[in-house]
Amino acid sequence: MRIIETKDYADMSRKAANLIAAQVTMKPDCVLGLATGSSPIGTYDRLVEMYEQGDLDFSGISTVNLDEYKGLDRENDQSYYYFMHEHLFDRVNINAERTNVPNGMEPDSDKECAGYEELIASLGGVDLQLLGLGHNGHIGFNEPAEVFDKITHCVNLTESTIEANKRFFASADDVPRQAYTMGIGTIMRAKKVLLVVSGEDKADIVAKAFFGDVTPAVPASILQMHPDVTIVADAAALSKIPR
């Protein structure tokens, strides 16, 4: 595990974008695993800047997103499909047919999850998976549990996750209660993992996830076992790690 400490969120975003850009440059037909939420927005903005400056070409890549709310259609401005198009896909020269987000409107969970696993396998797996980190240690929507979920599955969101996400909705009652998410095993099969995290409010979980026990009670802790993980975090988020 490699930890890159940055000054602030903007610096974190630049450095994370540089790592993704290097992956795309080295393998123009790579498969990127992408994340949503507030943490990667700056990273996507920086990637767009690189594209606009002529320094980055997305035309050959494929993407698979970590997760999607179950029950939200793609036109809903809180869906992760909408998020990705707003923050990245519609702003660069990516082939829309090679972008993939779980279908939140598929009512058959088994069908959607099995199909998504087959899709990832058909692409040859994920070359680089981008992750954020939830306050309870979740990655994707893999919530604290008694065991690590291995493959893409439908998850019941915890109250803490619903509380964290309600700011994006009119009220907590409007936050979906379920989501489709890549499983821990799916994430761990990515060749490289890049996790971005910032802010003092994440300091406790950073220390717990990456310097504590590996346990499904802290899903991100499994990343300690991955052979190629880079954490890009600002000083505030790293303020409680052992030195």
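The values are calculated or read from the model by the stated rules, or taken from the named source; none is laboratory data. These numbers come from a predicted model, not from an experiment. Ideal geometry is used to build each Cβ from the backbone, glycine not excepted, and the neighbour counts take in all protein chains shown. To get the accessible areas, we keep the full protein, side chains included, count just its heavy atoms, and leave off ligands, DNA and RNA. Shrake-Rupley method; radii C 1.70, N 1.55, O 1.52, S 1.80 Å.
Here is how the numbers come out for the structure above:
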item	result
Stokes-Einstein translational diffusion, the range 1-80 - Kirkwood Rh over all Cα pairs, 1.567 mPa s, 4 °C, in µm²/s	92
Residue-wise HN-Hα coupling along the range 232-243, computed from phi with Karplus coefficients 6.51, -1.76, 1.60 (Hz; x: Gly, Pro)	10, 9, 7, 4, 5, 5, 9, 5, 10, 7, x, 10
Reachable lysines, given that their alpha-carbon falls under 17 Å from the alpha-carbon of Lys150 and they are not under 8 places away in the same chain	Lys111, Lys191
Two-site label geometry, Asp55 and Phe168: point separation in nm, points 7 Å out along Cα→Cβ	2.8
Share antiparallel - DSSP beta bridges, the range 2-234, percent rounded to 5	30
Average accessible area per residue (Å²) across the range 1-92 - probe 1.4 Å, nucleic acids and ligands excluded	43
Neighbourhood net charge (13 Å Cβ-Cβ; Lys/Arg +1, Asp/Glu -1) for Met225	-1
Vicinal HN-Hα couplings computed from phi for the range 106-113 (Karplus, 6.51 cos²θ - 1.76 cosθ + 1.60; Hz; Gly/Pro x)	7, x, 8, 4, 4, 5, 5, 5
Cα-based shape type of the chain, given that a ≥ b ≥ c are square roots of the gyration tensor eigenvalues and the cut on a/c is 1.5	rounded
Most to least accessible of Glu97, Glu117, Glu68, Glu200 (protein chains only, probe 1.4 Å)	Glu97, Glu200, Glu117, Glu68
Length-normalised contact order of the chain in % [C-alpha pairs under 8 Å, at least 6 apart]	26
Under 5 Å, built H, 5+ apart or other chain: amide partners of Leu131	Leu194, Leu195, Val196
Integer Hz, Karplus 6.51/-1.76/1.60 couplings in order for the range 213-226, x for Gly and Pro	5, 7, 8, x, 5, 10, x, 5, 4, 4, 5, 4, 9, 7
Value of [θ]222 nm, deg cm²/dmol, for the chain, DSSP H segments ≥ 4, -39500 (n - 2.57) each, nearest 500	-9000 deg cm²/dmol
Cα centroid separation - the range 66-131 against the range 215-243, whole Å	25
